[in-house]
Structure formats: structure tokens, C-alpha cells
1. From the helices alone, meaning DSSP H stretches of at least four residues, give me the mean residue ellipticity at 222 nm for the chain, per-run term -39500 (n - 2.57), in deg cm²/dmol to the nearest 500.
2. About the Cα centre, and with charges only on the beta carbon of Lys, Arg (+1) and Asp, Glu (-1), how big is the dipole of the chain? Nearest 20 debye, please.
3. Let me know the Kirkwood hydrodynamic radius for the range 1-95, please, with Cα pairs as the basis and the value in Å to one decimal.
4. Over the range 44-92, what lengths in whole Å, largest first, do the semi-axes of the equivalent ellipsoid take, defined as the square roots of 5 times the eigenvalues of the alpha-carbon gyration tensor?
5. What span do the alpha-carbon atoms of the range 48-144 cover on each of the three principal axes, reported in whole Å from largest to smallest?
6. Can you list the lysines whose alpha carbon is less than 16 Å from that of K116, not counting same-chain residues fewer than 8 positions off?
7. Under a point-charge model restricted to the Cβ atoms of Lys and Arg (+1) and Asp and Glu (-1), what is the dipole moment magnitude of the range 4-120 relative to its Cα centre, in debye to the nearest 20?
8. Would you mind listing how long the chain runs along its three principal axes, going by Cα atoms, in whole Å with the largest first?
Amino acid sequence: MDKRILTVQDISCVGQCSLTVALPVISAFGLETAVLPTAVLSNHTYGYTGWTFCDLTEQMPAINERWAKECVDFDLLYTGYLGSAKQIEYIKTISRERMRAGAELVVDPVMADNGKLYTGFDLSFVEEMKGLVSVADVALPNITEACFLTGVEYVDGCTSKEYVERLIDGLKALGAKKIVLTGVSLEADKLGVAVWDGSRIEYRFEQLIDKKFHGTGDLFASAFVGAYALGDGIADAAHFAAKVVVSAIKRTIGDDSHWYGVKFEKALPMITARQK
Ligand code: PXL
């Protein structure tokens, strides 16, 4: 039987992030992808001056009830940007009730970057997110999110293995079984991931491109989920996802009008090429 993925995150109608990235990217792996939108926004909240926000929290139990009647189930549940802290409780229920045997919960605790929480998130949301990370099979934070989750101070730019391992230890203590920590830099010209696979830490790096783009975390997580669901080991899946992000950034970087996201569509052929 083919794998069926459920991804839970917002629809930002414009801005190349969250569901408008996850759905095409995971589908490009040849995987069936179902969605549970957490909110609908006119555009994402990073760099725009305002946005509309329609919270879909109470749709979640209603949709889950329908799915229960139709016996809908999933092989992997991947969560991203949430619309409210209450959604965490509903996701835990869906994860208990809608998963096939052996299914995994991948949690990207989307809430912060560059040392700061995103607009709309506060420390009480961080506390709730710790509860979701505690039941994750794979937690996928960036360095800033890992700092908020573990209480370790944020360090910008190059860090040490000792610092990275302190973050990983903190995430393990929360209960995450496997960890993919993104945005790791140990040398000035390299950026990559630190992966805890449940027994050891592995580092994978790509050339640093010294320009930040919005939505790359969602692109990374979506490409990771696709590769992981196809059977790649966790470090290989993370490394493939990093290559997808680098490719999308390279296709975006010369176009100054394209400030709101990356041209991930240009990287889709390297994903469809993997279809089995
Ligand atoms: O890429 C993360 C993200 C997703 N969705 C919305 C966002 C952000 C980050 O700011 O604002 C609505």
C-alpha cells in the first residue's frame, strides 16, 4: 500500500510557505498528501505590513470526527505553523486516533527564527509546543526554536559542537525520539543540520549562501518528510532536503523582486526524479 501523509499547517494564500509549499513538495515525491489547514491568512507574517487571519481550530475535531466515520488513516503526520495553542491538543488526539501501525509524528515547532518569536507567538505557546515535541518521533526545530524549547541562550552564526549538543540534549530531555536541528554552522562558510537518530549525532553541511529567505524552513521540512517517508535514513533525508533548499535559493537569489519566499518550484524536478 502506498504511504499517505497528513500535513497540518496554515494556508498563507501568498508568500510561498507552509501548505502552499508542503503540498506540492510532498506530492512531487509521488506520495499521497492530505492536508489539515490550521488557519487561512492572506499572506505570511514575515516582512508584510499586515494580513488577514481566519482561525480554523474548531474545524479540527469536526474534520477528525468525519475521518473517523470514513476510517481515514495515515502513515506520517507532519505538523508546521499552527493557528492556536489549543490545536496542539487536537493534533495529539488525531495522532492517537488516525495513525496506521508504525506511523510517525514529525513536528516542526514553527514559531521563531533569528533569535526571536514570530509575531503572534508568546512564551505560553512555547510551553504548549514543548508538549507536542515531547510526543514527536522526529522534532525538526531551527536553532532559535531549539533555544526557546530548551532554555539555552541563542547564539547567532557560528557555534560549536558542544553548543549544538547542549540543544540536542535539551530536546531529548523533552522527549523527542529523533531530532533534526537546522541552521547549524560550525565553520564560517558552511550551513547544515545536526541529526540525532536515537543513538548518535551526525552532521551534514552544504555551502552557506549568505542571504536569508523566508519559507526555507517549510521547504526543508517538506522535502525531509518526503525523503524520510520514501525510506531514506534520517540523516540522508535531512541532507537531501538541505540540497533542495540550496537549489531553490540559488534560483531565487538574482531576483530582488522576489523577497517573500524562494522559487521552490524550480527545485521540484530534483524531487520528482526520485519517484519510485
Ligand atoms: O514559514 C513559517 C510561517 C508559516 N506560516 C505563516 C508564517 C510563517 C513565518 O513567519 O507567518 C503564516
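1. Numbers: 9 runs with 104 residues, N = 276.
Rounded to the nearest 500, the figure is -11500 deg cm²/dmol.
2. Taking the Cα centre of the chain as origin, the dipole is about 540 debye.
3. Evaluated over the range 1-95, this radius sits at 13.9 Å.
4. Details: eigenvalues 139, 32, 19 Å².
Here the semi-axes work out to 26, 13, 10 Å.
5. Each principal axis gives a Cα extent; for the range 48-144 these are 41, 29, 21 Å.
6. Candidates past the 8-residue exclusion: K212.
7. On the way: 9 positive and 13 negative charges, 13 e Å.
Dipole size: approximately 60 debye.
8. Cα spread of the chain along its principal axes, largest to smallest: 54, 42, 42 Å.
No value in this document is a laboratory result; all are computed from the given coordinates. Source: prediction; values computed, not measured. With ideal geometry, Cβ positions are generated from the backbone for all residues, glycine too; neighbour counts draw on all protein chains shown.
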